[in-house]
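Okay, so here's the structure we're looking at.
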Amino acid sequence: MLIKQIRLSNSAKDKLSRLKGKTGIQNWNVLCRWGFCLSLHEGTIPTDIEINSDSNVEMSWYTFAGEQHEIYEALIKQWCIDNDLGADSAVVTRYFKLHLERGIAYLCGTNFVKDIKGLLDLALTEE
């Protein structure tokens, strides 16, 4: 298990609330997974900023990752290794949180996600 509990910032909570309204997806964890994967796909290292975990949105690692928890953990560990950051638990946890926050911001900041189709189009876009 990568992290026991995940608490989002108020900023991320507000963005997720807007995304819930646009997409009709009612579960925080589903939107968080989308954001996390989008940030990983970006291919750059997120800015190492302090994240205020000041919202009331909290979920366990298993709620976030579901049955695929081992895959999500392997993804962030491998990303840290590939970026020469190491794979100790503190680093992996830190970059997981940074990717999660950045990915939520990306989802909310794109003009593509105006509805559920926009979210799906992000996943189907080829580079």
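The values are calculated or read from the model by the stated rules, or taken from the named source; none is laboratory data. Here the structure is a predicted model, which means the values were calculated and not measured. Cβ atoms come from the backbone with ideal geometry, glycine included; neighbour counts cover every protein chain shown. Only protein heavy atoms, including side chains, enter the accessible area calculation; ligands, DNA and RNA are left aside. Shrake-Rupley method; radii C 1.70, N 1.55, O 1.52, S 1.80 Å.
Just the C-alpha atoms of the chain: what Rg/Rh do they give, with Rh taken as the Kirkwood radius?
Result: Rg/Rh = 0.94.
Mind giving me the nanometre distance, one decimal, between the label points for Lys22 and Phe112, set 7 Å out from Cα along Cα→Cβ?
1.2
Hey, how many Å between the Cα centroid of the stretch 46-111 and the Cα centroid of the stretch 10-33?
The stretch 46-111 and the stretch 10-33 have Cα centres separated by 16 Å.
How much accessible area per residue does the chain have, counting only protein heavy atoms and a probe of 1.4 Å, in square angstrom?
Details: 7190 Å² over 127 residues.
Ligands and nucleic acids excluded, the figure is 57 Å² per residue.
Helix 69-82 versus the longest principal axis of the chain: what angle, 0 to 90°, nearest 10, using Cα atoms?
Between helix and principal axis, roughly 60 degrees.
Tell me, what HN-Hα J-couplings in whole Hz come from the Karplus equation 6.51 cos²θ - 1.76 cosθ + 1.60 at θ = phi - 60° for each residue of the stretch 84-98, using x for Gly and Pro?
Running phi through 6.51 cos²θ - 1.76 cosθ + 1.60 with θ = phi - 60° gives 6, 9, x, 10, 6, 4, 5, 5, 4, 4, 4, 6, 4, 5, 5 Hz.
Sticking to Cα atoms, compute the Rg of the stretch 1-62 to one decimal and its Dmax as the biggest Cα-Cα distance, whole number, in Å.
Spelled out, the Cα radius of gyration and Dmax of the stretch 1-62 are 12.1, 32 Å.
Taking the Cβ of Ser9 as the center, what net charge do the other residues with Cβ under 12 Å away carry, scoring Lys and Arg +1 and Asp and Glu -1?
Net charge around Ser9: 0.
Using each residue's phi in the stretch 53-66, evaluate 6.51 cos²θ - 1.76 cosθ + 1.60 at θ = phi - 60° and report the 3J(HN,Hα) Karplus result to the nearest Hz, with x for Gly and Pro.
8, 10, 8, 9, 8, 9, 8, 6, 4, 5, 5, 4, 8, x
Among the lysines, which fall within straight-line cross-link reach of Lys22, defined as a Cα-Cα distance under 28 Å, with same-chain neighbours fewer than 8 residues apart omitted?
The qualifying lysines are Lys13, Lys97, Lys114, Lys117.
Please list, in chain and number order, the residues 5+ apart from Ile6 or on another chain whose amide H is under 5 Å from its amide H, with Hs placed from the backbone.
Met59, Ser60, Trp61
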